[in-house]
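Contents: one structure, followed by commentary.
Nothing in this text is a laboratory measurement; each read-out follows from the coordinates by a stated rule. Computed from a prediction, not measured in an experiment: that's the story for all the values here. Ideal geometry is used to build each Cβ from the backbone, glycine not excepted, and the neighbour counts take in all protein chains shown.
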């Protein structure tokens, strides 16, 4: 199955500044999540995000927070973002069935969010170059588990090319100039 931008929503899970220093290749994680959110804006795909216990752990990294938009970020205490009533209501308001998911940590909030989304009948695409954890092995094992459970593993560029589908699409020039460098 290919991604369809008319059916897609980007979900950014818990990329909180206070937690980033301990996360493997955290600068790449933030850059790749930001790249994906900017691409979603170009392609007019909605973006929603979660923050794990923001009262204690702080908020999403500043630049990414600005891209996602504060109104689109939802605090939670459950590890699975889709199990939080506020997040789920905001998510369902978009009426999208394909979830393009990025964030952290792979073995905790990412894996639980993806598994619960799959249980709810959603098509979940995990952006492998835009998730991370403190220990790279946790990410490796999480990806294997998620793929076995039915999640689709993709890269950022795969998302872009699938949303575009053709080189004469209106956004292709901006995509190739601003995102493929």
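Over the chain, dividing the summed -39,500 (n - 2.57) contributions of all DSSP H runs of at least 4 residues by the number of residues returns a 222 nm mean residue ellipticity of -12000 deg cm²/dmol.
Ranked for footprinting exposure by Cβ neighbours inside 10 Å, fewest first, 14, 4 give 4, 14.
Can you give the FRET efficiency to the nearest 0.05 for residue 145 and residue 170, using r as the Cβ-Cβ distance and R₀ = 22 Å? Working from the Cβ atoms, E equals 0.05. For the range 151-171 and the range 1-78, compute the distance between their C-alpha centroids and round to whole Å. Cα centroid to Cα centroid, the span is 19 Å. Taking 0.36 nm per residue of separation and subtracting the current Cα-Cα distance, fully stretching the chain between residue 119 and residue 18 would add 33.3 nm. Compute the relative contact order of the range 8-178 as a whole-number percentage, counting only Cα pairs closer than 8 Å that sit 6 or more residues apart in sequence. Worked out over the range 8-178, it gives 25 percent. Neighbour counts of other Cβ atoms within 10 Å put 23, 141, 15 in the fewest-to-most order 141, 23, 15. With 0.36 nm allotted per residue and the present C-alpha distance subtracted, the residue 70-residue 55 stretch has 3.9 nm of extension available.
To the nearest whole percent, what portion of all C-alpha pairs in the range 133-181 is separated by more than 18 angstrom? Tail of P(r) above 18 Å: 49 percent of Cα pairs. If you fit an axis through the alpha-carbon atoms of helix 136-149 and take the longest principal axis of the Cα set of the chain, what angle between them do you get, 0 to 90°, nearest 10? The two axes meet at around 70 degrees.
Counting neighbouring Cβ atoms within 10 Å and putting the fewest first, the residues 11, 155, 139 line up as 155, 139, 11. Across the alpha-carbon set of the range 59-161, the Rg to Rh ratio works out to 0.94, Rh being the Kirkwood radius. Angle check, please: helix 26-42 long axis (alpha carbons) against the longest principal axis of the chain (alpha carbons), in degrees 0 to 90, nearest 10. Around 50 degrees separate the two axes.
As a ratio to 2.2 N^0.38 Å, the alpha-carbon radius of gyration for the range 30-105 is 1.05.
Distance distribution note for the chain: the fraction of Cα pairs above 28 angstrom is 15%.
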